[in-house]
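Notes for the one structure printed next.
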Amino acid sequence: MPSVLWFRRDLRIHDNPALLAAVEAARADGDGRVVALFVLDPRLWDTAGDVRRAWLSRSLTALDASLGGELLVRHGDPLALVPEVAAAADAGTVHVAADFGPYGSTRDRAVEAALETAGRTLVRTGSPYAVAPGRVRKGDGTPYRVYTPFFRAWCTHGWRSPAGEPDEAPLWRLDDAGTLSCEGIPAAPELGFDLPPVGEAAALQVWDEFRDRALSSYDDGRNRPDLHGTSNLSAHLRWGEIHPRTILADLDDSPAQTVFCKEIAWREFYADVLHHQPDSARTWLDPRFAAMDYDEGHEADERFEAWRTGRTGFPFVDAGMRQLLTEGWMHNRVRMVTASFLVKDLHLPWQRGARWFMHQLRDGDLASNQQGWQWVAGSGTDASPYFRIFNPVTQGLRFDPLGDYVRRYVSELRDLPGAGAHQPWDHPLLTSVTDYPDRIVDHAAERDESLTRYATLPKR
Ligand SMILES: Cc1cc2nc3c(=O)[nH]c(=O)nc-3n(C[C@H](O)[C@H](O)[C@H](O)COP(=O)(O)OP(=O)(O)OC[C@H]3O[C@@H](n4cnc5c(N)ncnc54)[C@H](O)[C@@H]3O)c2cc1C
């Protein structure tokens with residue numbers, strides 16, 4: 001009997017425990033043949049933006065190449081297709097890395113039940129995380145609600161070493177009987193800009209290059225969007241082209257590498273939060289915030305549009321939003337500032353901004369994105385206090401001190417010298433630029449307005 005390896009967000013062949021389990025099962029029960037399957041699920045594909053679709057398409061192409069062209073791609077509902085493929089291949093087991101997201105975990109339970117009725121088994125081995133969501137708990141068994149104690153307990157719990165390689169190369173096969181036609185990898189949409197190299201080999205190379213170039217100064221460099229001080233691994237991690245365990249195995253306990261480890265742990269923490277509170281993908285973790293007065297109507301829509309297209313008149317915010325439009329990615333510091341601007345300067349609910357980020361980000365990940373937004377909005381687990389409102393001008397001066405980041409993305413301000421773009425709005429340097437939009441709001445006034453609205457909420 002062969003086995004089926006159902007790839008989802010683990011598009012790699014190295015350090016892949018589910019792959020090892022599939023190979024082992026196929027060898028124990030038969031001649032070692034494994035059907036490598038990817039199901040293009042319209043519920044995920046239709047709701048993804050073009051950037052994520054393009055990434056997935058290229059990542060599947062890379063995976064297919066490493067499987068010798070034997071990746072079976074089917075289009076449709078996994079609940080119907082996975083049992084169908086398992087039956088056609090006469091496989092006893094279907095192997096996956098466990099999915100802990102709200103949609104994925106429900107889907108997997110349904111597929112598991114459907115397989116069981118036909119006498120087959122869904123086998124979960126590993127997950128997209130170093131420590132599976134739900135594992136790290138307080139002494140009383142409840143989940144952590146605050147990051148720092150979670151991080152300590154996560155370190156104490158520890159994680160496995162990277163998984164090895166199969167002793168012999170697996171025998172990948174599409175189908176002997178010809179009943180399992182491959183529907184093909186969907187074409188990557190045209191983006192109008194280039195994505196960086198995609199796939200497992202690219203992910204490993206990005207990690208190698210970052211380790212040599214910037215890891216030792218990550219603690220200082222990570223907050224500077226004008227420098228290339230971060231790893232750019234988020235989309236590779238999101239698609240499982242590299243496993244966090246592969247990264248963690250290379251880290252030592254120097255200050256810079258410990259800070260990097262803590263960032264990987266944020267990803268794990270947010271997955272844990274979403275696992276325990278799936279509704280937090282849509283609603284406020286702190287339910288008091290549902291009663292907040294949010295703006296709506298024509299003017300709110302216009303302001304949202306100015307934010308989305310990078311035309312707020314705040315150079316640091318506009319640079320970030322234009323980076324998102326032209327690269328499908330944004331630096332973390334600028335994600336915080338642009339998200340804060342939407343919630344606390346424009347008084348719009350975080351969900352509106354989160355939807356646009358998810359649509360546009362190549363690393364769009366439900367757990368990190370929704371919890372990142374909730375953190376900024378002050379409604380999340382371990383939230384920043386609501387009154388800590390980012391000032392988009394001083395944040396620019398501090399984290400883009402030479403103005404290079406703004407000049408890179410805001411063409412109207414390209415000729416301003418040094419930190420010119422981060423000067424107060426009435427500075428002659430800025431008023432001399434005529435084709436750049438006026439500021440859509442007065443930050444000081446909107447900050448006060450935000451605090452006034454917050455004061456109407458019941459106290460914690
Ligand atoms: C409003 C908002 C929305 C966000 N949306 C996403 C998202 O959809 N997908 C996503 O992967 N990250 C998201 N983040 C987290 C963070 O901004 C990105 O992971 C980071 O910018 C990716 O760049 P990098 O790979 O160079 O990060 P590095 O600084 O090199 O960090 C290494 C890795 O650690 C993880 N990481 C770092 N910071 C965070 C964080 N704050 N939260 C969770 N994981 C983190 C990422 O996997 C990242 O690749 C969001 C943050 C905010 C404030």
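The values are calculated or read from the model by the stated rules, or taken from the named source; none is laboratory data. Note that this is a predicted model, so its numbers are computed, not measured. Quick reminder, even Gly has a Cβ in these numbers, built from the backbone with ideal geometry, and neighbours come from all protein chains shown.
Would you be able to tell me the number of residues in the range 357-366 that are in a helix (DSSP H, G or I) and more than 8 Å from the ligand (Cβ to nearest atom)? Let's see the steps before the verdict.
First pass over the range 357-366, keeping only residues in a helix (DSSP H, G or I): 357-360, 366.
Right, trim to more than 8 Å from the ligand (Cβ to nearest atom) and you get 359-360.
Of the residues in the range 357-366, 2 are in a helix (DSSP H, G or I) and more than 8 Å from the ligand (Cβ to nearest atom).
Check Ala18, Ala26 and return the single one that is touching a Ser or Thr at 6+ places or on another chain (Cβ under 8 Å) and over 22 Å from Ala203 (Cβ atoms). First the steps, then the outcome.
Values: Ala18 fails: over 22 Å from Ala203 (Cβ atoms).
Only one candidate passes the filter, namely Ala26.
Would you check which residues across the range 84-120 are at pLDDT 95 or above, in a loop (DSSP other than H, G, I, E, B), hydrophobic (A, V, I, L, M, F, W, C) and touching a Ser or Thr at 6+ places or on another chain (Cβ under 9 Å) and list them?
Within the range 84-120, Ala97, Ala98, Phe100 meet the criteria.
Can you run down the residue pairs with Cβ atoms below 8 Å, 6 or more apart or on separate chains, where the first is in the range 156-170 and in contact (Cβ under 8 Å) with a residue 40 or more places away in the chain and under 24 Å from Val131 (Cβ atoms) and the partner is of a type in the set (S, T, N, Q) and part of a loop (DSSP other than H, G, I, E, B)?
Partner pairs satisfying both residue conditions: Ala163/Asn16.
Out of everything in the range 186-210 that is surrounded by fewer than 17 Cβ atoms within 10 Å (Cβ to Cβ) and outside any loop (DSSP other than H, G, I, E, B), what residue ends up being nearest to the ligand (Cβ to nearest atom)?
Among those that are surrounded by fewer than 17 Cβ atoms within 10 Å (Cβ to Cβ) and outside any loop (DSSP other than H, G, I, E, B), it is Glu209.
What about Ala214, is it of a type in the set (A, V, I, L, M, F, W, C), at pLDDT 95 or above and either within 18 Å of the chain's Cα centre (by Cα) or closer than 30 Å to Pro401 by Cα (or both)?
No, not satisfied.
Just need a number here: residues in the range 40-64 that are in contact (Cβ under 8 Å) with a residue 24 or more places away in the chain and either of a type in the set (Asp, Glu) or closer than 22 Å to Ala201 by Cα (or both).
Taking the range 40-64 as the starting set, the residues that turn out to be in contact (Cβ under 8 Å) with a residue 24 or more places away in the chain are 40-45, 48-64.
Subsequent filtering for residues that are either of a type in the set (Asp, Glu) or closer than 22 Å to Ala201 by Cα (or both) retains 41, 50-64.
Number satisfying all stated conditions: 16.
Among (1) touching a residue at least 40 places away in the same chain (Cβ under 8 Å); (2) surrounded by fewer than 20 Cβ atoms within 10 Å (Cβ to Cβ), there is one condition Pro428 misses while meeting the rest; what is its number?
Failing condition for Pro428: (1).
Which residue, of Tyr409, Tyr386, is over 30 Å from Thr47 (Cα atoms), within 16 Å of the ligand (Cβ to nearest atom) and among the hydroxyl-bearing types (Ser, Thr, Tyr)? Spell out how you get there, then give the answer.
On the way: Tyr409 fails: over 30 Å from Thr47 (Cα atoms).
Criteria check complete, one pass: Tyr386.
List every residue pair whose Cβ atoms lie under 8 Å apart, where the two residues are 6 or more positions apart in sequence or sit on different chains, the first residue falls within the range 247-261 and is not assigned by TED's automatic domain parsing to the domain that holds Asp208, and the second residue, located anywhere, is outside any loop (DSSP other than H, G, I, E, B) and within 11 Å of the ligand (Cβ to nearest atom).
Here the result reads none, with nothing in the range 247-261 linked to a residue that is outside any loop (DSSP other than H, G, I, E, B) and within 11 Å of the ligand (Cβ to nearest atom).
Assess whether Val123 counts as being over 19 Å from Trp239 (Cβ atoms), at pLDDT 95 or above and under 23 Å from the mean Cα position of the chain (by Cα). Before the answer, list the steps.
Values: over 19 Å from Trp239 (Cβ atoms): yes; at pLDDT 95 or above: yes; under 23 Å from the mean Cα position of the chain (by Cα): no.
No: the conditions fail for Val123.
Return the residues of the range 302-336 that are of a type in the set (Val, Ile, Thr), in a helix (DSSP H, G or I) and surrounded by fewer than 24 Cβ atoms within 10 Å (Cβ to Cβ); say none if nothing qualifies.
First, the residues of the range 302-336 that are of a type in the set (Val, Ile, Thr): 309, 312, 317, 326, 334.
Those still in the list that are in a helix (DSSP H, G or I) too: 317, 326, 334.
Selection gives Thr326 alone.
Can you name the condition, by its number, that Thr258 falls short on among (1) assigned to a helix (DSSP H, G or I); (2) hydroxyl-bearing (Ser, Thr, Tyr); (3) near the ligand (Cβ under 9 Å from one of its atoms)?
Tallying (1) assigned to a helix (DSSP H, G or I); (2) hydroxyl-bearing (Ser, Thr, Tyr); (3) near the ligand (Cβ under 9 Å from one of its atoms), Thr258 fails exactly one: (3).
Out of curiosity, is Thr338 of a type in the set (Ser, Thr, Tyr), near the ligand (Cβ under 10 Å from one of its atoms) and at pLDDT 95 or above?
Values: of a type in the set (Ser, Thr, Tyr): yes; near the ligand (Cβ under 10 Å from one of its atoms): yes; at pLDDT 95 or above: yes.
It is true that Thr338 is of a type in the set (Ser, Thr, Tyr), near the ligand (Cβ under 10 Å from one of its atoms) and at pLDDT 95 or above.
So which of Ala354, Ala377, Ala281 is of a type outside the set (S, T, N, Q), within 14 Å of the ligand (Cβ to nearest atom) and not assigned by TED's automatic domain parsing to the domain that holds Leu430?
On the way: Ala354 fails: not assigned by TED's automatic domain parsing to the domain that holds Leu430; Ala377 fails: not assigned by TED's automatic domain parsing to the domain that holds Leu430.
Just a single option satisfies the conditions, and that option is Ala281.
Check His243, His298, His276, His236 and return the single one that is surrounded by fewer than 15 Cβ atoms within 10 Å (Cβ to Cβ) and either modelled with pLDDT of 95 or more or within 16 Å of the ligand (Cβ to nearest atom) (or both). First the steps, then the outcome.
On the way: His243 fails: surrounded by fewer than 15 Cβ atoms within 10 Å (Cβ to Cβ); His276 fails: surrounded by fewer than 15 Cβ atoms within 10 Å (Cβ to Cβ); His236 fails: surrounded by fewer than 15 Cβ atoms within 10 Å (Cβ to Cβ).
The match here is His298.
Search the range 221-233 for residues being of a type outside the set (A, V, I, L, M, F, W, C) and closer than 15 Å to Leu402 by Cα, and hand back the single one that is farthest from the ligand (Cβ to nearest atom). First the steps, then the outcome.
To start, the set of residues in the range 221-233 that are of a type outside the set (A, V, I, L, M, F, W, C) comprises 221-226, 228-232.
Cutting the leftovers down to closer than 15 Å to Leu402 by Cα gives us 221, 223-226, 228.
On the way: Gly221: 9, Asn223: 9, Arg224: 11, Pro225: 10, Asp226: 14, His228: 9 Å.
My answer is Asp226.
When you scan the range 370-460 for helices (runs of 4 or more DSSP H) that lie fully inside it, which ones turn up with 1 or more residues that are closer than 29 Å to Asp286 by Cα, among the basic types (Lys, Arg) and modelled with pLDDT of 95 or more? Walk me through how you get there before you give the answer.
On the way: elements: 392-399, 404-409, 428-431, 443-455.
The qualifying helices (runs of 4 or more DSSP H) are 443-455.
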